[in-house]
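One structure below.
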Amino acid sequence: MRIAMISEHASPLAVLGGEDAGGQNTHVAELSAALAAAGHEVRVYTRRDAPDLPVTVRSPDGYDVVHVSAGPAEPVAKDALLPHMREFSAWLIERWRGGDWVPEVIHAHFWMSGLAALTAGRQTGVPVVQTYHALGTVKRRYQGVQDTSPARRVSYERELGRSVDRIVAQCRDEVGELVRMGVPRSRMTVVPSGVNLATFAPLGPAADREPGRARILTVGRLVERKGFQTVVRAMALVPDAECVVVGGPPEGLLETDPYARRLRALAESCGVADRVHLVGAVPREEMGRWYRSADLLVAAPWYEPFGLTPLEAMACGVPVVGTAVGGIRDTVVDGTTGDLVPARDPQALAAAIQGLLDDRIRRFAYATAARERARTRYSWAATAERLVEVYSEVAAVRRPTRVVA
Ligand code: UDP
């Protein structure tokens, strides 16, 4: 099939770990690669954020990344992109009307991509599949006044849910949220993200570590809702272990990152600064080395739309201690592949970490079950196959093109 991915802010070619570059970038890259490997033609449309980028870049994984001119050709914060979505859709419409390559289906990632996709899809007669990746209702609930999303985000998300041809939700929690927003359940199909089982495998090189000291790894963009502060506080109750934090800006720039400085100050005040190491952003291809170096992965977000990092750790055969939120409740089987604890509870987190560190046999059993679960349930090939079924179903429905002057 000819498949257009729309990922307005998250380019599959971006360096990960920065404030707006994380799971969606990985997801779009891996999904596109898996679809290309299955013989489909995939083009990923993302916003041009530098003047010197070619219009089309061929990724080594067999899909094209197309840079769409919409707004200034420079980095723009995700939450400031909405005014440029009209230009984004106009650019798509012009290309597709030009006719050299017209998709059979559009898969939009994130709500603003959905808006551009819906306008372009309606005018060219191409069906739209929507994956939200994150929902404004959830963000507002947890971030309150700190949420910088555009004011109408939630109503746009609701409207999108009612208008697109199909919603692909990534976990059961998301389905519940959407239903509570007033989106009909019948419009949704649950297809979880996959994990790259070649990159994330138990065997392979591992990052160096201090002999005789347990290592806890935690990974993610350095933003408050990822719960790194809870992890640092928990470390005070887990003596003799070190905690490595992967993510954020590159190591050399950590000093200038306000959140990294806050974390370091907190580690200082908890008396664990010598055991908490921030290593900054790590290239995606090196992530396996870090997971494999750890005794366990801690994922302690306040909320998590899907959460790739627990799954990546599981694929490497690393047990997870996670908070019982969002997608983590689907990927981690409590008491089988890891332990789940309430969010924002350093005591509960520390108790779960210590309990696992003290029990080598349980760690081994979790590791085996975690790898098995990742391998059998979350391969990208299987995810791509299920999505192609969805794409084919929506593409089989004939729809009129609505031309707006
Ligand atoms: N990641 C990375 N380098 C880093 C930090 C994170 O490659 O320094 C990757 C990580 O392996 C995962 C993604 O970024 O694939 C984060 O996805 P997740 O779903 O955990 O969080 P999100 O960023 O979507 O909130």
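The values are calculated or read from the model by the stated rules, or taken from the named source; none is laboratory data. None of the values given here were measured: they were computed from a predicted structure. Neighbour counts run over all protein chains shown; Cβ positions are idealised from the backbone, glycine included. Surface accessibility is based on the protein's heavy atoms, side chains included, excluding ligands, DNA and RNA. Shrake-Rupley method; radii C 1.70, N 1.55, O 1.52, S 1.80 Å.
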Notebook entry, point to check: Within region 268-313, how many residues turn out to be of a type in the set (K, R) and within 8 Å of the ligand (Cβ to nearest atom)?
Noted result: 1
Check: Going by the structure shown, is S32 of a type outside the set (A, V, I, L, M), within 16 Å of the ligand (Cβ to nearest atom), open to solvent by less than 20 Å² (accessible area, probe 1.4 Å) and more than 19 Å from P305 (Cα to Cα)?
Finding: yes
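The rows are residues; the columns are (1) open to solvent by 30 Å² or more (accessible area, probe 1.4 Å); (2) part of a helix (DSSP H, G or I); (3) under 24 Å from V175 (Cα atoms).
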residue: P310; (1), (2), (3): no, yes, yes
residue: L356; (1), (2), (3): no, yes, no
residue: I361; (1), (2), (3): yes, yes, no
residue: A365; (1), (2), (3): yes, yes, no
residue: Y391; (1), (2), (3): no, yes, yes
Margin query: From the list V175, V231, exactly one residue is under 21 Å from the mean Cα position of the chain (by Cα) and within 16 Å of the ligand (Cβ to nearest atom). Which is it?
Written below: V231
Margin query: I need a count of the residues in region 46-72 that are under 14 Å from I106 (Cα atoms) and surrounded by fewer than 16 Cβ atoms within 10 Å (Cβ to Cβ).
Written below: 0
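Determine which member of the set S89, S69, S11 is within 16 Å of the ligand (Cβ to nearest atom) and hydroxyl-bearing (S, T, Y).
When all the criteria are applied, what remains is S11.
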Notebook entry, point to check: Restricted to region 261-303, and to residues that are touching a Cys at 6+ places or on another chain (Cβ under 9 Å) and charged (D, E, K, R), which residue is least open to solvent (accessible area, probe 1.4 Å)?
Noted result: R275
Checklist line | Filtered residues of region 376-385 (kept if open to solvent by 30 Å² or more (accessible area, probe 1.4 Å) and touching a helix residue (DSSP H, G or I) at 6+ places or on another chain (Cβ under 7 Å)) | finding: A381
Notebook entry, point to check: Here is a list of conditions, (1) of a type outside the set (A, V, I, L, M); (2) open to solvent by less than 10 Å² (accessible area, probe 1.4 Å); (3) under 19 Å from A351 (Cα atoms); (4) out of contact with any Phe, Trp or Tyr (no Cβ under 7 Å at 6 or more places or on another chain), and D240 meets all of them except one; can you say which number that is?
Noted result: (2)
Checklist line | Single residue of region 143-155 satisfying the filter (within 16 Å of the ligand (Cβ to nearest atom) and in contact with a helix residue (DSSP H, G or I) (Cβ under 6 Å, 6 or more places away or on another chain)) that is most open to solvent (accessible area, probe 1.4 Å) | finding: T148
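For (1) over 23 Å from the mean Cα position of the chain (by Cα); (2) open to solvent by less than 20 Å² (accessible area, probe 1.4 Å); (3) within 15 Å of L115 (Cβ to Cβ), each residue gets a yes or a no:
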| residue | (1), (2), (3) |
| --- | --- |
| V28 | no, yes, no |
| V44 | no, yes, no |
| M85 | no, yes, yes |
| L92 | yes, yes, yes |
Next item on the list: Within region 107-142, count every residue that is over 17 Å from E157 (Cβ atoms) and not in a helix (DSSP H, G or I).
Entry: 3
Checklist line | Residue count, region 164-198 (criterion: assigned to a helix (DSSP H, G or I), buried (at least 17 other Cβ atoms within 10 Å of the Cβ) and touching a residue at least 24 places away in the same chain (Cβ under 8 Å)) | finding: 4
Checklist line | Residue in region 329-336 that is buried (at least 21 other Cβ atoms within 10 Å of the Cβ) and in a loop (DSSP other than H, G, I, E, B) present | finding: yes
Checklist line | Condition check for R225: open to solvent by less than 40 Å² (accessible area, probe 1.4 Å) and modelled with pLDDT of 95 or more | finding: no
